[in-house]
Amino acid sequence: MALERTFSILKPDATARNLTGAVNAVIEAAGLRIVAQRRIQMTTKQAETFYAVHKERPFFGELVSFMTSGPVVVQVLEGENAIAKYREVMGATNPANAADGTIRKQFALSVGENTVHGSDAPETAAVEIAQFFSGNDIVG
Ligand code: RTP
Ligand code: MG
């Protein structure tokens with residue numbers, strides 16, 4: 001299978017607890033390569049755009065306010081089957097349901113403060129990467 005790229009966010013609960021290195025260690029140990037990375041403060045507008053698919057959901061306001069509550073680290077990860085592999089490494093959305101060894105099982109605090117985001121399909125990965133990175137920012 002060809003190399004694939006996925007979009008990742010280390011969420012505010014990760015930066016607040018100084019866990020960016022610990023999470024990156026899990027990502028790299030899984031064979032995913034961090035080919036772009038930047039620490040940013042997301043604006044409300046950026047978070048609303050990013051999570052637009054969830055805008056009708058009851059947790060949307062809470063989600064946007066959490067994602068803008070502190071710095072995040074946006075990343076592009078590259079590897080064989082990177083999209084599915086990263087979802088596996090992240091674990092279930094709710095850490096109570098996440099498998100042992102996954103990032104969310106180890107680090108997530110709740111379904112909201114769940115440490116990481118990863119794209120769920122090739123189409124969303126492309127859109128999400130383009131929202132935060134230009135081609136020159138990504139060095140494979
Ligand atoms: P993500 O998009 O952040 O990678 O997470 P996901 O695919 O595992 O979950 P998704 O269904 O896309 O939901 C996006 C984020 O919304 C928050 N959420 N809160 N309070 C709730 O019931 C609830 N449900 C979802 C989570 O932070 C989830 O990651
Ligand atoms: Mg999602």
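The values are calculated or read from the model by the stated rules, or taken from the named source; none is laboratory data. In this text the structure is predicted, and so the values were computed from the model without any measurement. Here the Cβ is made from the backbone with ideal geometry for all residues, glycine too, and neighbour counts use every protein chain on show. For accessibility, only protein heavy atoms count, side chains too; no ligands or nucleic acids. Shrake-Rupley method; radii C 1.70, N 1.55, O 1.52, S 1.80 Å.
Results, tabulated for the structure shown:
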read-out	value
Per-region count, the stretch 36-62, residues closer than 15 Å to Ala14 by Cα and within 16 Å of ligand 2 (Cβ to nearest atom)	1
Where Pro12 falls short, out of the listed (1) closer than 22 Å to Glu123 by Cβ; (2) surrounded by 13 or more Cβ atoms within 10 Å (Cβ to Cβ)	(1)
Leu32 crowded, with 18+ Cβ neighbours inside 10 Å and either more than 13 Å from ligand 1 (Cβ to nearest atom) or at pLDDT 95 or above (or both)	yes
Qualifying residues in the stretch 89-99 (those that are in a loop (DSSP other than H, G, I, E, B) and among the aliphatic types (A, V, I, L, M)) - the one farthest from Arg39 (Cα to Cα)	Ala99
Residue count for the stretch 54-77, restricted to those that are open to solvent by 50 Å² or more (accessible area, probe 1.4 Å) and touching a residue at least 24 places away in the same chain (Cβ under 8 Å)	3
In the stretch 100-140, residue surrounded by the fewest Cβ atoms within 10 Å (Cβ to Cβ) [restricted to those that are near ligand 1 (Cβ under 10 Å from one of its atoms) and part of a helix (DSSP H, G or I)]	Thr124
Hits in the stretch 106-122 (condition: within 10 Å of ligand 2 (Cβ to nearest atom) and either closer than 16 Å to Glu62 by Cα or of a type outside the set (Gly, Ala, Ser) (or both))	His117, Asp120
